[in-house]
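All of the numbers you see were taken from the coordinates with simple rules; none came from a lab. As the structure is a prediction and not an experimental result, all values here were calculated from the model. Cβ coordinates were reconstructed from backbone atoms using ideal geometry, including for glycine residues, and neighbour counts include every protein chain displayed.
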Amino acid sequence: MRKLDALLELFQDLEPAERLELLLDFAERLPPLPPEYVPLRDAGLGMVHECQSPVFFLSEVQDGRVRIYADVPREAPTPRAFTAMLVEAFDGEPPEAVLEAPEELLYRLGIAPLLGMQRLRGLTAIYQKLRREVAEKAGFSANPR
Amino acid sequence: MATYAHPEVLVSTDWVAEHLNDIEHVRIVESDEDVLLYETGHIPNAVKIDWVQDLQDPVIRDYISKEKFEELCASRGIANDTLVVFYGDKNNWWACYAFWVFKLFGHEKCAIMDGGRQKWIAEGRPLTRERPSFPRTTYRAKDPDLSIRAFRDEVLAHVQAGKPLIDVRTPAEYRGELVHMPDYPQEGALRAGHIPGAKNVPWSMAVREDGTFKPREELERIYLQEKGLKPDDEVITYCRIGERSSHTWFVLKYLLGFEHVKNYDGSWTEWGNLVGVPIEKGDPEATQS
């Protein structure tokens, strides 16, 4: 079973209020950005412009494994939580785990209805950036559709 | 320095610190862009009102019904005579939106905490994760006050009559360079640009670095001297979905004393999808000469 499936199972069994609680837990778990990526972030590279807050998100494929490097301010707990979930689900996994993951992940997790359109836009952009970068760096078609 | 037209609708962080235990008369409400931010810590005795979960109808594109609004207030311990003080993230963007919805349903005593969450935290004031609960009230809402809400037909008539509109989006959105992100066409509009004759004043022009509103003189320079609005004008504000424009609505109505300001909550995601309505593109200078 892929790590993402475990995450999906966990979320799908919860009531909406409990999903928010779980998201909040994730917001506290985002690993710190490794120091070698701080200059990139400070130069404004790797930013997700659709987010209302400064979100740095970069994914790479190293030795056949997905690596995610991200930094999201504490004052933006929702994108921070979602980023931490992506790290949990995909960091260390083979690229196929990302490429085969559902495109409508936010709906499958059941968090889309909690957020509303304006908020979904930023999170969707983070997820699309992950899918695009992993596809490119693993040598697949750059267009996931 | 000249005071604002309705200074009673702004309270300071000091005032909130002094009144946060006056739970019988005052209810502090946090409204944020980020749905989890309240849970990470909020002003003691503040309740949460979320624009998606609490203020919008889940099915129809509209606000909640009068009955749902009454239930919302009752559940948060808000009575008809409670002074409701709103604050939030992002320069009180969503706090102003919640304020507008409360005014729509005729709540009399509403205020904004100047500087919002950012200023409260910058001043090192306390936050708590403890969710307060207050005794239920019986709340009676009024019918929606349509003197502060504009609908599309009215906006079209407003344009045809040559009356002023303020587009509070970014200049790129206003000029029509951005319609939506390539991956999410369902969240945008089929056409880009602005409502003809609208002047572009991005909403954040009304706030200072510390999150507080600019002084009246500076606001008058922007909206009156530079954009040529007059306080007795009928003005309509809009943005993409009607949230940022409730911030500018607040500024014009309460800080500058405009009598007739409406927020067009359909905004660009309605106008840019309507068949046959007029649209302008390009620079503000070019379209306003």
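See the values below:
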read-out: Kirkwood Rh and Cα Rg combined as Rg/Rh, chain B; value: 0.96
read-out: Hz values of 3J(HN,Hα) by residue in segment A:14-31 - Karplus curve (6.51, -1.76, 1.60), Gly and Pro given as x; value: 9, 6, x, 5, 6, 5, 4, 4, 5, 4, 4, 4, 4, 4, 7, 9, 5, x
read-out: Alpha carbon centroid spacing (whole Å) that separates segment A:104-135 from segment B:27-103; value: 25 Å
read-out: Interchain or long-range residues, amide H under 5 Å from B:I28's placed H; value: B:V47, B:V85
read-out: Ellipsoid equivalent to segment A:43-110 - semi-axes via the Cα gyration tensor, in Å; value: 21, 16, 10
read-out: Helix-derived mean residue ellipticity, 222 nm - over chain B, DSSP H n ≥ 4, -39500 (n - 2.57), to 500; value: -6500 deg cm²/dmol
read-out: Cα convex hull volume per residue for the protein assembly as shown (Å³); value: 157 Å³
read-out: Most to least packed among B:236-243, A:127-134, B:119-126, B:8-15 [average Cβ atoms within 10 Å]; value: B:236-243, A:127-134, B:8-15, B:119-126
read-out: Amide H within-cut-off set for B:R149, under 5 Å, with H built and near neighbours excluded; value: B:N263
read-out: Per-selection Kirkwood Rh - segment B:109-164 (Cα, Å, 1 d.p.); value: 16.7 Å
read-out: Hull-based mean projected area of segment B:39-114, where the convex hull spans the alpha carbons, in square nanometres; value: 5.4 nm²
read-out: In sequence order, calculated HN-Hα J values of segment B:131-141 (Karplus, 6.51, -1.76, 1.60; Hz; x Gly/Pro); value: 7, x, 9, 10, x, 4, 10, 9, 10, 10, 7
read-out: Fully extended contour minus Cα-Cα distance, from B:T3 to B:K281, at 0.36 nm per residue; value: 96.4 nm
read-out: Protection-proxy order for peptides A:105-113, B:149-157, A:65-73, each taking the mean of Cβ atoms within 10 Å per residue, highest first; value: A:65-73, A:105-113, B:149-157
read-out: Length-normalised contact order for chain B - Cα pairs under 8 Å, 6+ apart - percent; value: 21 percent
read-out: Förster-model FRET efficiency, 35 Å R0, A:R65 and B:E123, C-beta, rounded to 0.05; value: 0.20
read-out: Charged-residue dipole, Cβ positions (Lys, Arg, Asp, Glu), segment B:7-122 about Cα centre, Debye nearest 20; value: 160 debye
read-out: Magnitude of the charge dipole, segment A:1-46, Cβ model with Lys/Arg +1 and Asp/Glu -1, debye to 20; value: 260 debye
read-out: About the Cα centre, charge dipole magnitude for the protein assembly as shown (Lys/Arg +1, Asp/Glu -1 at Cβ), debye; value: 580 debye
read-out: Dipole of chain B, positive direction: furthest Cα of B:V85, B:L20, B:V261, with charges on the beta-carbon; value: B:V261
read-out: Counting DSSP beta bridges with both ends in the protein assembly as shown, the antiparallel % (nearest 5); value: 35 percent
read-out: P(r) tail fraction, segment A:3-137 - alpha-carbon pairs more than 26 Å apart, %; value: 16 percent
read-out: Residue order, fewest to most surrounding Cβ atoms within 10 angstrom, among A:V38, B:V251, B:V52; value: A:V38, B:V52, B:V251
read-out: Between segment A:12-60 and segment B:199-226, the alpha-carbon center distance in angstrom; value: 32 Å
read-out: Segment B:152-288: proportion of alpha-carbon pairs further apart than 20 angstrom, %; value: 42 percent
read-out: Inter-label distance for B:A74 and B:S204, nm, one decimal - labels placed 7 Å from Cα along Cα-to-Cβ; value: 4.1 nm
read-out: Under-5 Å amide H pairs with B:I112, H placed in peptide plane, nonlocal only; value: B:L10, B:V11, B:F86
read-out: At 0.890 mPa s and 25 °C, Stokes D of segment B:68-157 from Kirkwood alpha-carbon radius, µm² per second; value: 165 µm²/s
read-out: Most to least packed among B:131-142, B:218-229, A:44-55 [average Cβ atoms within 10 Å]; value: A:44-55, B:218-229, B:131-142
read-out: Average beta carbon contacts from partner chains per residue of A:48-54, 10 Å cutoff; value: 2
read-out: Modelled FRET efficiency - R0 25 Å, B:S133 with B:K66, Cβ distances, 0.05 increments; value: 0.55
read-out: Reference-scaled alpha-carbon Rg (2.2 N^0.38 Å with N residues) for segment B:1-88; value: 1.20
read-out: Residue-wise HN-Hα coupling along segment B:150-165, computed from phi with Karplus coefficients 6.51, -1.76, 1.60 (Hz; x: Gly, Pro); value: 9, 10, 4, 5, 5, 5, 4, 5, 5, 5, 5, 7, x, 8, x, 10
read-out: Inter-chain shielding of A:66-78 (mean C-beta neighbours from other protein chains, 10 Å cut-off); value: 3
read-out: Length added when fully stretched, A:E136-A:M117, from 0.36 nm per residue minus Cα-Cα; value: 4.0 nm
